[in-house]
Amino acid sequence: MKHFLNYIILLVLFVNCNGCSSNDDNIENPGKGGYLFAHMKDADYGGFYYSVSEDGINWTTLNSGSKINEYRGHPDFCLGRDGRYYMIGIEAGTGQPLLWETRNLIGWGVEKQIPKSAFDLSALGHSTEQVWYGAPKMYYDKDSDQYIITWHAAKEGLTTNGNEEHDKPYWRSIRTFYILTSDFKTYTEPKRLFNFTGEHEDMPTMDAIIRKIDGKYYSFIKDERWPEDISEGSKAIRMTKADNLTGPYENPGAAITTNWREAQTLVPKPENNGWYLFVEHYPLEYDLYEASSIEGPWTHKEIKSPDARHGSMIWVDGATYQAIVRAYKN
């Protein structure tokens with residue numbers, strides 16, 4: 001059976017963007033698709049777990065709650081030009097960035113190393129930390145035939161030690177950077193992605209995801225400002241957009257979520273009639289916001305969250321959904 005599953009390549013997204021039920025019968029309905037959520041847990045930060053849901057509301061964690069492989073990092077699905085899925089992980093011990101890939105969302109493996117030098121920000125006065133590399137995210141842009149890798153980093157010389165007052169300068173200096181590649185062999189020099197103006201000029205940003213929707217590039221970002229830095233929307237998720245992949249991006253809109261939210265992931269609603277934005281209420285659980293249009297307005301929706309921290313979701317078709325459930329059945 002495993003041999004058969006390893007050759008299933010039946011993944012379909014509704015769009016180019018790229019809580020717990022324990023009854024297994026509820027997650028094997030023939031012909032139906034559903035959501036695949038790759039995430040870590042608070043008790044195993046950096047581990048790799050799968051949860052699934054048909055409606056985005058009720059969730060089942062697969063593999064009896066155990067991690068599915070030795071991937072370590074901040075999971076972020078990226079559908080590549082070749083139909084394979086990719087994500088960036090970090091090798092334990094060495095801190096080496098790794099490119100993971102899969103054809104069927106069941107068998108993941110390391111494709112190659114990504115040079116540490118690609119994340120060198122010394123010329124920009126910032127420093128990429130060498131443990132998690134600023135939770136890198138990746139998106140394949142069909143129009144330019146390039147992959148954009150984004151991550152966040154603080155200014156050189158600033159550190160954290162768990163003391164809030166000591167740590168605030170570090171978090172206030174966080175900015176989002178990017179590199180481009182078409183082949184994972186050569187990479188552009190890092191550049192800063194967002195250059196906002198006015199009250200948002202010094203806005204620290206992190207966890208940026210990019211999706212092209214209706215001809216525009218939308219980025220959902222975490223506003224890392226502290227409550228005393230801004231009247232509303234601190235530590236919350238906002239949206240910005242641009243005509244081009246690398247910007248310039250408009251000043252972000254009003255906060256979509258309440259405070260203390262991050263690790264956002266965007267998916268189409270089950271009937272493809274709007275959008276779901278899942279956000280981590282760290283370190284507790286995931287929340288859901290929904291909208292009929294990518295421009296909003298967004299409203300909060302109650303869900304039965306799985307035991308999950310920082311992750312990424314995609315919609316998969318019925319055959320793929322069932323294959324994943326069977327491969328990691330509880």
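Each value in this text was obtained by applying a stated rule to the coordinates, not by laboratory testing. Values in this document were obtained by computation on a predicted structure and should not be read as measured data. A quick note on method: Cβ atoms are made from the backbone with ideal geometry, for glycine too, and the neighbour counts reach across all protein chains shown.
Which of rounded, prolate, oblate describes region 234-330, given a ≥ b ≥ c as roots of the alpha-carbon gyration tensor eigenvalues and a/c under 1.5 marking rounded, otherwise prolate only if a/b is larger than b/c? Verdict is prolate for region 234-330.
Region 281-330 and region 194-213 have Cα centres separated by 24 Å. Applying 0.36 nm per residue to the separation of LEU284 and LYS191 and subtracting their alpha-carbon distance, the gain on full extension is 30.2 nm. I want the local charge near LYS185. Using Cβ-Cβ distances under 12 Å, sum +1 for each Lys or Arg and -1 for each Asp or Glu among the other residues. Computed value for this residue: -1.
Per-residue ellipticity at 222 nm computed for the chain from its helices equals -2000 deg cm²/dmol, with DSSP H segments shorter than 4 residues left out and the rest contributing -39,500 (n - 2.57).
Do any trypsin sites (Lys or Arg not before Pro) in region 208-257 lie in a DSSP loop with no more than 11 other beta carbon atoms within 10 Å, and if so, which? In loop regions of region 208-257 (DSSP not H, G, I, E or B), there are no sparsely surrounded trypsin sites (Lys or Arg not before Pro).
All Cα-Cα separations within region 51-156 were binned at 10 Å from zero, giving a P(r) of 13, 38, 34, 13, 2, each value a whole percent of the pairs. For region 164-282, the square roots of the Cα gyration tensor eigenvalues, ordered a ≥ b ≥ c, give a/c of at least 1.5 with a/b no greater than b/c, which places it in the oblate category. When the C-alpha to C-alpha distance is required to be over 31 Å, the pairs from LYS41/LYS212; LYS116/LYS222; LYS116/LYS269; LYS191/LYS301; LYS41/LYS222 that qualify are LYS116/LYS269; LYS191/LYS301. What does the C-alpha gyration tensor say about the overall shape of region 108-217? Classify as rounded when a/c is under 1.5, otherwise prolate if a/b is larger than b/c, or oblate. Judged from the Cα gyration tensor, region 108-217 comes out oblate (a/c at least 1.5, b/c at or above a/b).
GLY247 sits among other residues whose Cβ lies under 10 Å from its own Cβ, and their net charge, with Lys and Arg +1 and Asp and Glu -1, is +1.
Couplings 3J(HN,Hα) of region 226-241, computed from phi: 8, x, 6, 8, 8, 5, 8, x, 5, 6, 10, 9, 10, 10, 9, 8 Hz, in residue order, whole Hz [Karplus 6.51 cos²θ - 1.76 cosθ + 1.60, θ = phi - 60°; x for Gly and Pro]. Near GLU156: Cβ cut-off under 15 Å, other residues only, Lys/Arg at +1 and Asp/Glu at -1. The net charge is +2.
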